[in-house]
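Peer 1: Okay, here's the structure, questions in a sec.
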Amino acid sequence: MSHHEEKKEKPLSEVKREKMINFRDMSTCEATIQMLEKVASDGFETAFTRAADMRPCPIGADSACCKHCFMGPCRLNSKDPYSRVGVCGASIDTIAARNFARMVASGGAAHTDHGMVMLDVFREVVNGNIQGYRIQDEQKLRSVAESIGIQINGRSVKDIAVDLYKELERTYTQVEGEIPFVKRVPAKTLDTWRKAGIVPRGAMREIMEIMHRSHMGVDQNFDNIVKQCSRTALADGWGGSMVATEISDILFGTPKPHVAGVNMGFLKENQVNIIVHGHEPLLFEAMIASSNDPANIEKARAAGAAGINLLGMCCSGAEVLGRHGVPHAGNFLSTEPVIATGAVDAMAVDVQCIMQALPKMAGCYGTRFFTTNPRARIEGATHIEFHEHSPGECTDKIVSLAIERFKNRPGPVTIPQRRDMGVHGFSHEYINYMLGGTFRGSYTPLNENIINGRIRGVAGVVGCTNPRVKQDYLHVELVKELIKNNVLVVQTGCSQIALAKAGLMKPDAAVLAGDGLQEVCETVGIPPVLSLGSCVDNSRILIACAEMVRIGGLGDSIADLPVAGAAPEYMSEKAICIGQYFVASGVYTIFGVTFPTVEGTQFHKLLFEGLEEQGFGKWGFSTDPYEMAHLMINHIDKKRAALGIMGERERKLFSMEDRRTAEG
Ligand code: SF4
Ligand code: MSK
């Protein structure tokens, strides 16, 4: 069939399935399973059934094909990947490295563009051109400004903010030199980057260069390509993503722990239910304002509703769950099933992780589906554009249309009665306060508890859900195994929603932790699993790592710390970029599902071994959550042994007194 011919699709209800699917094999989320069964009995499809019907392409999964020019596409999928080269002579190492580079570029572009939008809004707020938002966290503004060398003493908020904008703009546009947040990187880590020539310039430059270098006939040395992968990824982690997080905190408030709820049971049959899904907090913050607007609430009441009920999903949801306690209906893979409740009157989306299938699913259950961002329009969706200068215009319209749909709900409503409460909204700042107390807020107690062995180390467990593996299962089992072994877990993105549904974000989940971690959690009153926000908020984990190094006692660089990271169910290119910036920052980072390389190639060896030998972190891979946990724990123990803190209890950090004695 030529690509001009129209492919006739069968109505979904007529699609005959060869094998019956047991959704319990595909998810551990009870609400999602209930809805998947409903969707199947209603005769519709979801990502779960499409994944079951379509085997992943094995050549693509190995990243063994190249379509960077039209002499190809070339595939090097023989048993011996070195037995063939592409038409141009490209080796498997070049092909895999170039493909990887483009994943890093795309993932990094998503985060940095998100960060740049936040910065645009910040500039307009500071200049008085946007009235709908304002600086809500002046303390955070001052601390971010100070961290990159901006004078704050005796200056007005506006003056500091103007300087901060100018400085952070360089995160994107800087042609030469180092981006501002590099000032937060521990000296030894930065030294490793400088020696390797990978300190990032502006993200625009790095992403442009990586796209150039991965073009046909340019960089054909996998080692050199990986250097640019690191540089570009660092421009995201310590650049675009960090700007997104910091500016969001300045504009909307730094998260503080509070009790909040997760799962589909927070939909309310007698209210107008609106879900916001995507990534940037701007749409959601405006939607919160519109849903709380008395005029809109009155309209909803006039339509027979008891009120307007707002919920989040994916990372949009994670942002406001942490910041404001808005309930979260579920992670990425639950975005289709939730529509089958029939209770979602409107779903509004902005950017990233929005399946094209959603408007179709919305059509099946009469849900109103709205795209709002000029970057992300979807066939079949109603587009109501969101403008930062008049945010309420878009969200008020969506609220009105949701009310209209409530009045005319097309069918019965089935809401899975699952509600999971937990403590959400940690931040790297709050870890200071929580462990150090008001008067000695610092990471010292965290470091002390790591040194004395109560806490073995810290793990970041993050990332998506993916229908190629059982939804939530790997996240939950991995985290349980880690905390059982006294590893404190910090989380972001869809992963944290999996753990919240499993009840691990309640302080009493500390009983599942090993003795040492349990003691710390009970003393401080925290759960053993701390949620830090959305995917861009992985930058909070970087800052926490830098702070642990700065406090002392755990080595001189991030690579010395007893920490590890994992994205066991990842699906997006953003995750690859995140993984690469953690690896380049010095962290052992393990992915599940599949890894886009051919094992045994030089490129694979570089990622999985060679980078560590050069002073960075390294990649790891496993599809088994227990193996993954023990790979991470072994790594943590290796770092503890190198620090000389293996098996020690009660050793304190060097006090000033000790220092004087040692120096004297
Ligand atoms: Fe094939 Fe080389 Fe063209 Fe890639 S760049 S498609 S390997 S000829
Ligand atoms: S939303 S990138 S599925 S974490 Fe950030 Fe979730 Fe992964 Fe999207």
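Peer 1: Would you call Arg98 within 16 Å of ligand 1 (Cβ to nearest atom), in contact with a Leu (Cβ under 7 Å, 6 or more places away or on another chain) and of a type in the set (D, E, K, R)? Lay out the reasoning, then the answer.
Peer 2: Values: within 16 Å of ligand 1 (Cβ to nearest atom): yes; in contact with a Leu (Cβ under 7 Å, 6 or more places away or on another chain): no; of a type in the set (D, E, K, R): yes.
When the stated conditions are applied, Arg98 does not pass them.
Peer 1: Moving to a separate point now. Please go through the stretch 453-475 and give me each residue that is open to solvent by 10 Å² or more (accessible area, probe 1.4 Å) and either away from ligand 2 (no atom under 15 Å from the Cβ) or out of contact with any helix residue (DSSP H, G or I) (no Cβ under 7 Å at 6 or more places or on another chain) (or both), ordered by number.
Peer 2: Gly453, Arg454, Arg456, Val458, Asn466, Val469, Lys470, Tyr473
Peer 1: Still on this structure, I have one more. Please verify whether Met71 is out of contact with any His (no Cβ under 6 Å at 6 or more places or on another chain) and under 25 Å from Ile578 (Cβ atoms), treating the condition exactly as stated.
Peer 2: Values: out of contact with any His (no Cβ under 6 Å at 6 or more places or on another chain): yes; under 25 Å from Ile578 (Cβ atoms): no.
So Met71 does not fit the description; no.
Peer 1: Oh, and also: Out of the residues in the stretch 180-206 that are assigned to a loop (DSSP other than H, G, I, E, B) and of a type outside the set (Gly, Ala, Ser), which is surrounded by the most Cβ atoms within 10 Å (Cβ to Cβ)? Steps first, please.
Peer 2: Filtering the stretch 180-206 down to residues assigned to a loop (DSSP other than H, G, I, E, B) leaves 185-186, 197-202.
Filter again for of a type outside the set (Gly, Ala, Ser), leaving 185-186, 198-201.
Numbers: Val185: 24, Pro186: 23, Ile198: 21, Val199: 21, Pro200: 29, Arg201: 21.
Checking each candidate, the answer is Pro200.
Peer 1: What number of residues within the stretch 611-632 are within 17 Å of Ala559 (Cβ to Cβ) and without any contact (Cβ under 8 Å) to a residue 24 or more places away in the chain?
Peer 2: From the stretch 611-632, those within 17 Å of Ala559 (Cβ to Cβ) are 611-620, 631-632; that's our starting set.
From what's left, without any contact (Cβ under 8 Å) to a residue 24 or more places away in the chain: 613.
The qualifying residues number 1.
Peer 1: Residues that are outside the structural domain of Tyr570 (by TED's automatic domain parsing), within 16 Å of ligand 2 (Cβ to nearest atom) and among the β-branched types (Val, Ile, Thr): does the stretch 97-116 have at least one?
Peer 2: yes
Peer 1: Assess whether Gly555 counts as being open to solvent by 10 Å² or more (accessible area, probe 1.4 Å), more than 16 Å from ligand 1 (Cβ to nearest atom), of a type in the set (Gly, Ala, Ser) and not assigned by TED's automatic domain parsing to the domain that holds Glu246.
Peer 2: Numbers: open to solvent by 10 Å² or more (accessible area, probe 1.4 Å): yes; more than 16 Å from ligand 1 (Cβ to nearest atom): yes; of a type in the set (Gly, Ala, Ser): yes; not assigned by TED's automatic domain parsing to the domain that holds Glu246: yes.
Criteria met by Gly555.
Peer 1: Here is a follow-up. Filter the stretch 527-544 for residues that are hydrophobic (A, V, I, L, M, F, W, C) and open to solvent by less than 10 Å² (accessible area, probe 1.4 Å) and give the result. Walk me through it before giving the result.
Peer 2: Pass one, the stretch 527-544, residues hydrophobic (A, V, I, L, M, F, W, C): 529-530, 532, 535-536, 541-544.
Result: Val529, Leu530, Leu532, Val536, Leu542.
Peer 1: Something else: Within the stretch 60-67, is there a residue that is open to solvent by less than 10 Å² (accessible area, probe 1.4 Å), without any contact (Cβ under 8 Å) to a residue 24 or more places away in the chain and not assigned by TED's automatic domain parsing to the domain that holds Arg375?
Peer 2: Within the stretch 60-67, the first condition is being open to solvent by less than 10 Å² (accessible area, probe 1.4 Å), and the residues that meet it are 63-64.
Now restrict to residues that are without any contact (Cβ under 8 Å) to a residue 24 or more places away in the chain: none.
No.
Peer 1: Another question, if that's okay. Is one or more of the residues making up the stretch 302-320 modelled with pLDDT under 95 and either surrounded by fewer than 23 Cβ atoms within 10 Å (Cβ to Cβ) or among the basic types (Lys, Arg) (or both)?
Peer 2: no
Peer 1: Anything in the stretch 562-620 that is over 23 Å from Thr492 (Cα atoms) and either open to solvent by 20 Å² or more (accessible area, probe 1.4 Å) or under 19 Å from the mean Cα position of the chain (by Cα) (or both)? List them, or say none.
Peer 2: Within the stretch 562-620, Val598, Glu599, Gly600, Gln602, His604, Lys605, Phe608, Glu609, Glu612, Glu613, Gln614, Gly615 qualify.
Peer 1: On to the next question. Give me the pairs: first residue in the stretch 200-221 and without any contact (Cβ under 8 Å) to a residue 12 or more places away in the chain, second residue within 15 Å of ligand 1 (Cβ to nearest atom) and open to solvent by less than 80 Å² (accessible area, probe 1.4 Å), beta-carbon distance under 7 Å, and six or more apart or on different chains, which are they?
Peer 2: His212/Val218
Peer 1: Looking for something closer than 30 Å to Arg419 by Cβ and either at pLDDT below 90 or in contact with a Phe, Trp or Tyr (Cβ under 7 Å, 6 or more places away or on another chain) (or both) - is there at least one such residue anywhere in the stretch 52-73? Walk me through how you get there before you give the answer.
Peer 2: Residues of the stretch 52-73 closer than 30 Å to Arg419 by Cβ: 52.
Restricting the remaining residues to those that are either at pLDDT below 90 or in contact with a Phe, Trp or Tyr (Cβ under 7 Å, 6 or more places away or on another chain) (or both) gives none.
The answer is no, given that none of the residues of the stretch 52-73 is closer than 30 Å to Arg419 by Cβ and either at pLDDT below 90 or in contact with a Phe, Trp or Tyr (Cβ under 7 Å, 6 or more places away or on another chain) (or both).
Peer 1: Are there any helices (runs of 4 or more DSSP H) wholly within the stretch 17-83 with 3 or more residues that are farther than 30 Å from Phe100 by Cα, and if so which?
Peer 2: 30-41
Peer 1: Out of all the residues in the stretch 595-610, which are within 19 Å of Asp624 (Cβ to Cβ) and without any contact (Cβ under 8 Å) to a residue 24 or more places away in the chain?
Peer 2: Glu599, Phe608
Peer 1: From the residues in the stretch 207-224 that are among the charged types (D, E, K, R) and assigned to a helix (DSSP H, G or I), which one is farthest from ligand 2 (Cβ to nearest atom)?
Peer 2: Going through the stretch 207-224, the residues among the charged types (D, E, K, R) turn out to be 209, 213, 219, 223.
The next check asks that each one be assigned to a helix (DSSP H, G or I); those that pass are 209, 213, 223.
Details: Glu209: 24, Arg213: 25, Asp223: 28 Å.
Applying the filter and picking the extreme gives Asp223.
Peer 1: For the stretch 368-386, give me the residue count where each residue is part of a loop (DSSP other than H, G, I, E, B) and either among the aromatic types (Phe, Trp, Tyr) or open to solvent by 10 Å² or more (accessible area, probe 1.4 Å) (or both).
Peer 2: We begin by selecting, within the stretch 368-386, every residue part of a loop (DSSP other than H, G, I, E, B); these are 372, 374-375, 377-381, 384-386.
Now restrict to residues that are either among the aromatic types (Phe, Trp, Tyr) or open to solvent by 10 Å² or more (accessible area, probe 1.4 Å) (or both): 374-375, 377-381, 384-386.
Summing the residues that are part of a loop (DSSP other than H, G, I, E, B) and either among the aromatic types (Phe, Trp, Tyr) or open to solvent by 10 Å² or more (accessible area, probe 1.4 Å) (or both) in the stretch 368-386 gives 10.
Peer 1: While we're on this one: Within the stretch 210-226, how many residues are closer than 17 Å to Ala584 by Cβ and either out of contact with any Ser or Thr (no Cβ under 9 Å at 6 or more places or on another chain) or surrounded by fewer than 19 Cβ atoms within 10 Å (Cβ to Cβ) (or both)? First the steps, then the outcome.
Peer 2: Keep residues of the stretch 210-226 that are closer than 17 Å to Ala584 by Cβ, which gives 210, 213, 222-226.
Those left that are additionally either out of contact with any Ser or Thr (no Cβ under 9 Å at 6 or more places or on another chain) or surrounded by fewer than 19 Cβ atoms within 10 Å (Cβ to Cβ) (or both): 213, 223-224, 226.
Selection size over the stretch 210-226: 4.
Peer 1: May I pose another question? Out of His279, His324, report the one residue that is under 14 Å from the mean Cα position of the chain (by Cα) and at negative phi. If you could, list the steps in order and put the result at the bottom.
Peer 2: Numbers: His324 fails: under 14 Å from the mean Cα position of the chain (by Cα).
None of the others qualify; the one that does is His279.
The values are calculated or read from the model by the stated rules, or taken from the named source; none is laboratory data. Since the model is a prediction, treat every value here as computed from it, not as a measurement. Please note: Cβ atoms are built from the backbone with ideal geometry, for glycine as well, and neighbour counts cover all protein chains shown. Ligands, DNA and RNA are stripped out before the accessible areas are found, and what is left, the full protein with its side chains, is counted by its heavy atoms. Shrake-Rupley method; radii C 1.70, N 1.55, O 1.52, S 1.80 Å.
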